[in-house]
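The values are calculated or read from the model by the stated rules, or taken from the named source; none is laboratory data. The structure presented is a predicted model; accordingly, all values stated were derived computationally and were not measured. All Cβ positions, even for glycine, are placed from backbone atoms using ideal geometry, and neighbour counts span all protein chains on display. Only protein heavy atoms, including side chains, enter the accessible area calculation; ligands, DNA and RNA are left aside. Shrake-Rupley method; radii C 1.70, N 1.55, O 1.52, S 1.80 Å.
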Amino acid sequence: MTFADPVSAKNAASARWLSIVGIGEDGAAALSPAARALVESAEVVFGGQRHLALAAPLIRGRARPWPTPFGRAVGEVLGERPKQVCVLASGDPFHYGIGAQLARQVPPAEMVALPSPSAFSLAAARLGWPLSETTLLALNGRALDLVRPHLHPGARILALSGGAETPGALAHLLVSAGFGQSRLIILEALRGARERIRSALAADFDLAAIDPLNTIGIEVVAGAQARIIPRAPGLADSLFEHDGQITKREIRALTLSALAPRRGERLWDVGAGAGSVAIEWMLVDSSLRAVAVEADAERAARIARNAAALGVPGLEIVHASAPAALAGLARPDAIFIGGGASEPGVLDRSIEALPAGGRLVVNAVTLATEALLMAQHAELGGELTRIAIARAEPLGDKTGWRPAMPITQWTWTKP
């Protein structure tokens, strides 16, 4: 097989058993000759009911609708190897599609993929929006809260919808977050006989009979009280719901810097309080994951609310006490301990859990925890930093400096 001619008879070696074909609402007639040949020659054709109906004139083999739940889909495709299998997908199978999932299990030499224009490409073409300047999101089967970090004045967003109800629900979210004057553009059944494009302001959204197959464009307009989530670490404390148990803004920014998040990594936030460090870790990049460990039930519930309100609903929350709560968690790349470091076993279990190159950051307020960190520093090395913050506040009829409690921070990288 070569990339120059992926479906020629010469290059379709016996090792290639899987083809992935992108199909649009214009159906089989719009497929290229090569894509048509892959569908026609397949012994088994997988796809959603809609995809199978669109390609029905070409299907010669056995048609298999996707299973419920969809999580079994990849396994069922692999179970047909080495038969000639064709998978039908919407548009570009590698843009939030089944192609990415299959590629994790099937070597490139065993498959060939022929995409069609994605919903994003079609929507951008209809609206005249450059894709390189547009935020692309998948909200089908995902929490709408994922849109929140991208709500910045003047931003353009294209989102894959979860169905007919998604646009209205998204309009409600925009209004509640202070973006009611944002315009929603609903692009329905693009490239098909039912194609239709309509728009409305979020605050006045009244569009009805929306086709379940829709893509949503958002032209973001922020109101005076809009809840805008800045890009830099160290979000205002007021953006978090908390009971005072929160790593304060300036300390949080320095803590995130010390944790040094890298793409695809996972953080344990032990003694998470309001969850602010774990939430900001996840806001750095969509590939980052975090686990917030919190023993207090009310605080654990508060962390979940903060995570949703700040656009990272995927934050994993463990309501239990460390170190027992750490058993069985997926291995971390970095650990932050903001509370409970002096509890027996917490530091030892954290150090043990880290892989080589993993980072540990511990903040201490009390003398007891500070003494523990000094002992760890003497034994293991790393860096000790004293952080003192003072804020100007009213002092009678004048203004004076009011110091916050100083923080001792130990940062260590496991050799």
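As an exercise, take the mean of 1/r over every pair of distinct alpha carbons in segment 139-290, invert it, and state the Kirkwood radius in angstroms. Walk me through the intermediate numbers first.
On the way: mean 1/r = 0.0585 Å⁻¹.
For segment 139-290, the Kirkwood estimate is 17.1 Å.
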Which of Pro394, Pro130, Pro57 fluctuates most in a GNM of the chain (C-alpha springs under 10 Å)? That residue is Pro394
Report the accessible area of Ile335, computed with a 1.4 Å probe over the heavy atoms of all protein chains in place, in Å² rounded to the nearest 10. 0
Can you give the helix-only mean residue ellipticity at 222 nm for the chain, where every DSSP H stretch with n ≥ 4 adds -39500 (n - 2.57) and the sum goes over all residues, rounded to the nearest 500 deg cm²/dmol? -7000 deg cm²/dmol
Zone reached by a paramagnetic label modelled 7 Å from Arg331 Cα along Cα→Cβ, restricted to segment 386-415 with backbone N below 20 Å, covers 412-415
Counting only protein heavy atoms and leaving out ligands, DNA and RNA, the solvent-accessible surface of Met405 at a 1.4 Å probe, in Å² to the nearest 10, equals 130
Could you compute the FRET efficiency for Ala308 and Glu43, with r as their C-beta to C-beta distance and R0 at 51 Å, rounded to 0.05? 0.65
Mind jotting down the distance between the C-alpha centroids of segment 326-363 and segment 224-267, whole Å? 20
Which loop GluC sites (Glu not before Pro) in segment 37-80, with loop taken from DSSP, have no more than 15 other Cβ atoms within 10 angstrom of their Cβ? Glu43
Base-10 log of normalised Debye intensity for segment 304-415 (one unit scatterer per alpha-carbon) at q = 0.11, 0.18, 0.22, 0.24 Å⁻¹: -0.48, -0.99, -1.21, -1.30
Give me the extension gain from Lys83 to Asp397: residue separation times 0.36 nm, minus the current Cα-Cα distance, reported in nm with one decimal. 104.7 nm
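Taking a ≥ b ≥ c as the square roots of the Cα gyration tensor eigenvalues, with a/c under 1.5 meaning rounded and otherwise prolate when a/b beats b/c, else oblate, which class fits segment 60-112? Present the calculation step by step, with values, prior to reporting the outcome.
Values: a/c = 1.30, a/b = 1.06, b/c = 1.22.
Taking the square roots of the gyration eigenvalues as a ≥ b ≥ c, segment 60-112 is rounded.
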In degrees rounded to 10, the 0-90 angle between helix 297-309 Cα long axis and the longest Cα principal axis of the chain is 50
Taking only Cα atoms and a 10 Å spring cutoff, compute GNM fluctuations for the chain and point out the largest among Glu241, Glu219, Glu298. Glu298
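Given the alpha-carbon gyration tensor of segment 90-202, what are the semi-axes of its equivalent ellipsoid in whole angstrom, ordered largest first, with each equal to the square root of 5 times an eigenvalue?
Numbers: eigenvalues 155, 53, 34 Å².
Rounded to whole Å, the semi-axes are 28, 16, 13.
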Rounded to one decimal in nm, the spacing of the 7 Å Cα→Cβ label points at Leu173 and Leu131 is 2.3
Label-point separation in nm, Phe70 to Asp206, each point 7 Å along Cα→Cβ: 3.4
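Apply 1/(1 + (r/R0)^6) to the Cβ-Cβ distance of Arg60 and Glu316, taking R0 = 56 Å, and write down the FRET efficiency to the nearest 0.05.
Details: r = 46 Å, r/R0 = 0.82.
Between Arg60 and Glu316 the formula returns 0.75.
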In the chain, carbon and sulfur make up what percent of the accessible area (probe 1.4 Å)? 54
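For the chain, take N as its residue count and report Rg(C-alpha) divided by 2.2 N^0.38 Å.
1.20
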Exposure ranking of Arg302, Arg391 by accessible area [1.4 Å probe, largest first]: Arg391, Arg302
So what are the ³J(HN,Hα) numbers for segment 393-408, from phi and the Karplus equation (6.51, -1.76, 1.60; θ = phi - 60°), rounded to whole Hz, Gly and Pro as x? 9, x, 9, x, 9, 10, 10, x, 8, 10, x, 7, 4, x, 10, 9
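How do His242, His51, His172 rank by accessible surface area computed with a 1.4 Å probe, from largest to smallest?
Numbers: His242 75, His51 20, His172 135 Å².
Listed by decreasing accessible area, they come as His172, His242, His51.
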